[in-house]
Amino acid sequence: MEGLSTAVPNRLSSQQSEDTFLVELDRFSGPLELLLHLIRSQDIDIFDIPISQITRQFQAVIESGIEDLELDRAGEFLELAATLIRIKAQLLLPRPDDVQWDEDPRAELVRRLLEYELFQEVAGVLGGAEAERRRHFGKGYLALRQQPEEVRGKLTTTLAELIEVAGAIPEPDPVTTHVAPTRVVTVEEKMSAIRTHLNQTDRLLFSRLFGSWRDREHVVAALLACLELARQQVLRIEQVKRFGFIWLFGDNDRKKSGSGSKTTNKVRPSDASKLTDVHDTETPSELSLAPVDS
Amino acid sequence: MSPEQIVEATLFASQTPLTPREIARADESLDVGVVRTALDGLRERYEGDGRAFQVYQLGDGYQILTRPEFAPYLERFDSVPRPPSLSRAALETLAIIAYRQPLGRIELEEIRGVASASVLRTLQDWELIAVVGRGEGLGRPLLYGTTKHFLDHFALQSLSDLPRAQDLPISLARTTAEEVTESDIGSLVRSPETSEATGSMSGEEVETESP
């Protein structure tokens, strides 16, 4: 085999040939089939494949469809693309004039293609032989294959009938839009709710404030209510450890503890030891109550 | 009861091809020679009478099967079991294994350019190929070859009935015919004759006469 086919092709013709080769990648069961298609449909001489052009076209087809392929199949196409690029590189490498290739870098590819096509032909022959053999039936029981029901008689509708039916269709209901009113949850409501709770119990779990309502409005209102009440020094907010439960203590506790001045109204992550410093009557053990489910 | 009738009854009742030796077991009066004569007689009779079926022969196996012209009628029924109509991938794989057996999966995949594990499984399920040995190399990979069933499925008497490379039109070679020599193409394929001649495993496994 002779000749480098990597001379820069006429720009116009290569553009044309590329444009006409946006074929669907999934038409091809494998990379060799695609390559063969490119070669055949352009009447390329397989013994002198223009590697540059073919590689470019091959890559273009792959790029257009490869994302839709399964990974394994995509890999197969990429592998051949890499082979084509390697061959192209080998052809481009300069060699000293007196050194010849052992073999044209394209030779292996050509052999593969010829072999592939050979087996395609054989597969065709086998397919024909199979079809012929299947025309002979042997012993077996015959079960009636399901036939679709045949519609008897022609369907005829007159225009008058059609109009009558169309006229009988009732007017569609006017579109009614329903507006679901959003109930405004006020912070005041939450505040009085908290006060009520705290009159009944010493301490209250923050998450209990909104009970079954998990709407953002409720949570935000509850949080603001707590903060406001804390600012008014009506309650104390405490969290034993980070991301732990948040407890609210009514000012009843404050009176009991008698250490009002030291009580904090700030929400702060504090560990048990720190709390014992601040609150005399409250021991870590009290605070580490078994969590109430909320 | 003539030998012809006995042979006819035996063939009719059998679901698989029978060799003359197997048919002869039907009665002491039969031997292989008598059976063969009877088979010829049956064949002539069916043709002469214009019967819808015929004595179908493949290798040394005989069956009574319907004539192919009746296929359109019979295709309206589901006849169990009917051999599958194979996919292109399956036919391609069979073609390669038929010519290159014994062949491992890796080599097969190199020729096809695509993964082939599932086709191989399908073909094994249909008993068209079988494991005929293990390769020498790393991992001792499984090697596949075609089966007797393969020949029956394609109505081939033996692997030699497969087309020789030289007889196939290879369109790619058309363009520079003078450069493509017989040996070029021939070297692509170890024709079935040579693989049998070298006494490779395929020869023994594939075309067994019924014992």
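Quick notes on this structure:
- Scanning region B:83-117 for residues that are more than 7 Å from chain A (Cβ to nearest Cβ), basic (Lys, Arg) and more than 16 Å from residue A:114 (Cα to Cα) turns up just one, B:105.
- Residues that are under 23 Å from the mean Cα position of the chain (by Cα), within 14 Å of another protein chain (Cβ to nearest Cβ) and not in a helix (DSSP H, G or I) within region B:1-53 comprise B:14, B:15, B:16, B:17, B:18, B:53, listed in sequence order.
- Total residues in region A:111-123, condition more than 7 Å from every other protein chain (Cβ to nearest Cβ) and over 41 Å from the mean Cα position of the chain (by Cα): 1
- Residues that are within 18 Å of residue B:110 (Cα to Cα) and buried (at least 16 other Cβ atoms within 10 Å of the Cβ), drawn from region A:65-96: A:73, A:74, A:76, A:77, A:80, A:81, A:83, A:84, A:87
- On the stretch given as region B:53-79, residues that are within 11 Å of residue B:43 (Cβ to Cβ) and outside the structural domain of residue B:10 (by TED's automatic domain parsing) total 0.
- Residue within region B:85-104 that is outside any loop (DSSP other than H, G, I, E, B), hydrophobic (A, V, I, L, M, F, W, C), in contact with a strand residue (DSSP E or B) (Cβ under 9 Å, 6 or more places away or on another chain) and within 20 Å of residue B:9 (Cβ to Cβ) present: no
- Helices (runs of 4 or more DSSP H) fully within region A:1-98 counting 3 or more residues that are of a type outside the set (Ser, Thr, Tyr) and modelled with pLDDT under 85: A:11-19
- Residue list for region A:211-246, filter: of a type in the set (Gly, Ala, Ser) and modelled with pLDDT of 80 or more: A:221, A:222, A:225, A:230
- Counted residues, region A:34-72 - those being within 12 Å of chain B (Cβ to nearest Cβ), within 20 Å of residue B:89 (Cβ to Cβ) and touching a residue at least 40 places away in the same chain (Cβ under 8 Å): 4
- Residue in region B:62-77 that is surrounded by 14 or more Cβ atoms within 10 Å (Cβ to Cβ) and assigned to a loop (DSSP other than H, G, I, E, B) present: yes
- Filtering region A:128-160 to residues that are modelled with pLDDT of 80 or more and surrounded by 10 or more Cβ atoms within 10 Å (Cβ to Cβ) leaves A:128, A:129, A:130, A:131, A:132, A:133, A:134, A:135, A:136, A:137, A:138.
The values are calculated or read from the model by the stated rules, or taken from the named source; none is laboratory data. Values in this document were obtained by computation on a predicted structure and should not be read as measured data. Reconstructed Cβ throughout: ideal geometry from the backbone, glycine too, with neighbour counts over all protein chains shown.
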